[in-house]
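*Asks:* Provided herewith is a single structure, encoded as structure tokens, for subsequent inquiry.
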Amino acid sequence: RSLYVDEEDESAWPKAAPPKSRTGLWMFVGLLVLAGAAAAAVFFYPPLRTAVGLTAPEGAMEPILRAGNEALALDDEAGYVEAERKFTEGVDLDRNDVRPVASLALTYAAWAQSLAFDASDLEARAAKDPSLADQAASLRRRVKEKAALALKFADTAVGLAPSNTVALLAKADALRLSGDPAGAKTQLTRAARLQDEPSSAHHRIAGLVD
């Protein structure tokens, strides 16, 4: 067979292989980036970490609870706001830990009680100064809002740990503030059965229920 190749005959020349597609490579790289982003989101965003079953890093909750309790002990508006912020941070850190949830319930209950005392004072003074009646009514609305939040988080806390006395006392206080003294007494009885000696919080709530 002749070895002559007609240079003008393109069919006689070997054809170059088509370029390989890099689509698969870029898809693989994209998946790696997405996986890394997802892992970072879980690590840095506490609610996602809880949602996938990961608990808070060891020792991370204690300083949050300590700061929240210190703020709550101030027993004033600024203290309640700060306690709310810290305990909410704790809830976001680990939604399966009953401690920040119960503490948030206690914060709202204490806040509601403080507002109720202020409202009662204004109502008493409104007899001589009717202009205070509107302020008292506004405070009563805030009492209901805080009491509802206290009951919401107390229910969550009891759901997480039905035998946790702090959660039970938080629910008792929330029920008392919500106008359900019978329900409050039921929770107090449950808490008493789990304690060798009723705590000071138990006595305080029981005294306000009666």
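The values are calculated or read from the model by the stated rules, or taken from the named source; none is laboratory data. Owing to the predicted nature of the structure, the values given are computational and were not obtained by experimental measurement. Counting neighbours? That spans all protein chains shown, and the Cβs are built from the backbone with ideal geometry, glycine included. In case anyone asks, the SASA skips ligands and DNA or RNA and just uses the protein heavy atoms, side chains included. Shrake-Rupley method; radii C 1.70, N 1.55, O 1.52, S 1.80 Å.
*Asks:* For the cross-link pairs K128/K185; K86/K146; K128/K171, which exceed 25 Å when the distance is taken from alpha carbon to alpha carbon? All intermediate terms of the calculation are to be shown ahead of the outcome.
*Replies:* On the way: K128/K185 37 Å; K86/K146 17 Å; K128/K171 37 Å.
Pairs exceeding the cut-off: K128/K185; K128/K171.
*Asks:* Stretch L194-S131 to full length: gain in nm at 0.36 nm per residue minus the Cα-Cα span?
*Replies:* Length gained, L194 through S131: 17.9 nm.
*Asks:* Okay, moving on. Give me the dipole magnitude in Debye, nearest 20, for region 103-155 about the Cα centre, with unit charges on the beta carbon: positive for Lys and Arg, negative for Asp and Glu.
*Replies:* Values: 8 positive and 7 negative charges, 22 e Å.
That gives a dipole near 100 debye.
*Asks:* At 1.4 Å probe radius, can you tell me the per residue accessible area of region 161-210 in Å²?
*Replies:* Each residue of region 161-210 exposes 52 Å² on average to a 1.4 Å probe.
*Asks:* In whole percent, and with a 1.4 Å probe on the protein chains, what portion of the accessible area of region 117-210 is carbon and sulfur?
*Replies:* Working: 2840 of 5360 Å².
Carbon and sulfur atoms account for 53 percent of the accessible area of region 117-210.
*Asks:* Let me ask you something else. To the nearest 10 square angstrom, how much accessible area does L208 have with a 1.4 angstrom probe?
*Replies:* 70
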